[in-house]
Amino acid sequence: MKKICLFLSLCALSFYSAQAQDDSMKKLREEAAKKLKEQEIDSGRVWYKGATLGLTFNQGSLTNWAAGGDKLSLSLLGTINLMANYKKGRHSWDNNLDLAYGYVNTTSLGSRKNEDRIDLTSKYGYEIGKNFYLSGLFNLRTQFDKGYLYPADTTPELISQFFSPAFIVLSPGIDFMPNKEFSLFVSPVTARWVVVMNDSLSAKGSYGVDTGKHVKSEFGAYMSATWNKDITKSINYRSKLELFSNYKHNPGNVDVFWTNALTLKVSKLISAVVSVDMIYDDDVKVFENKETGVLGPRLQIKQTIGVGLTAKF
């Protein structure tokens, strides 16, 4: 009996020892892999590339609904976010392309787009101190398709289309990047061009261009802040804020472009997305004051909530 107990004790001891050794080896492997990854990041000898693809579909219908509303509504939104970042020694080069297009159809309003965005940013930096980079930034922001105003008593009015407008920014400055999640770029000397290629819109002087002209050049101060944070394994928050002050005309009226997206991962492919976008441009005077009847700029706010497919690579 004692021999059996001794044998069982040895077996148990061997099992726990093997288990502990396996856990220890697993931990060592994970630490080695993490260290190797950190060395690769520090060495900057590789490109880091990624893509996030999203497709959101919403459908609603009403039958004998006493409160009223559209009998049928359909909406579809597609998003693509591509990034390619490179770092070697003191040199860094970050590239990001953000694309979005959405369409909605209702029985009362018909079909119209509810999202349209092309946003390309390329930024080169040379490290001059801990977390500080002497950088040059290029940004292009425009849209894919035509956009309209929909007055209640008149036909839709064309107000935008591809490269009407387009905003092009070329800016040298200082970039503060304490980690991979946050970046703050500041420049007191920035060139910006507003492009309106559509002849009818340029004839109206839309978006601040001179009447009949297609390009308006501006010179001023520019700031761009980006934050991409994984709050938890299933929750991500992404924000981009751009501010521009035109030295040539009303420098106190700062242009604002701010996008925010909160993504909640439900499963591997299904996510819920809440987005809030805000734009203020002093040269966009298409909004009428109901009290005075005078056209002028307004803070533009767009908010969307959707559930759909999301794939991240």
Of the residues in the stretch 131-166, those that are in contact (Cβ under 8 Å) with a residue 24 or more places away in the chain and hydroxyl-bearing (Ser, Thr, Tyr) come to Tyr133, Ser135, Thr142, Tyr148, Tyr150, Ser160, Ser164
Here is a check on your reading of the model: is Glu127 under 19 Å from the mean Cα position of the chain (by Cα) and in contact (Cβ under 8 Å) with a residue 12 or more places away in the chain?
no
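Please work out which residue is surrounded by the fewest Cβ atoms within 10 Å (Cβ to Cβ), limiting yourself to the stretch 185-212 and to residues that are at positive phi and over 27 Å from the mean Cα position of the chain (by Cα).
Gly212
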Restricting attention to the stretch 85-132, which residues are buried (at least 18 other Cβ atoms within 10 Å of the Cβ) and either farther than 27 Å from Ala261 by Cα or in contact with a Lys or Arg (Cβ under 6 Å, 6 or more places away or on another chain) (or both)?
Asp94, Ala100, Asp119
Note on the stretch 213-252: residues surrounded by fewer than 20 Cβ atoms within 10 Å (Cβ to Cβ), of a type in the set (Gly, Ala, Ser) and either within 16 Å of the chain's Cα centre (by Cα) or closer than 30 Å to Gln303 by Cβ (or both) are Ala221, Ala225, Ser234, Ser239, Ser245, Gly252
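No value in this document is a laboratory result; all are computed from the given coordinates. Predicted model, so just to flag it, every value in this text is computed and none were measured. Cβ: placed from backbone, ideal geometry, glycine included. Neighbour counts: every protein chain shown.
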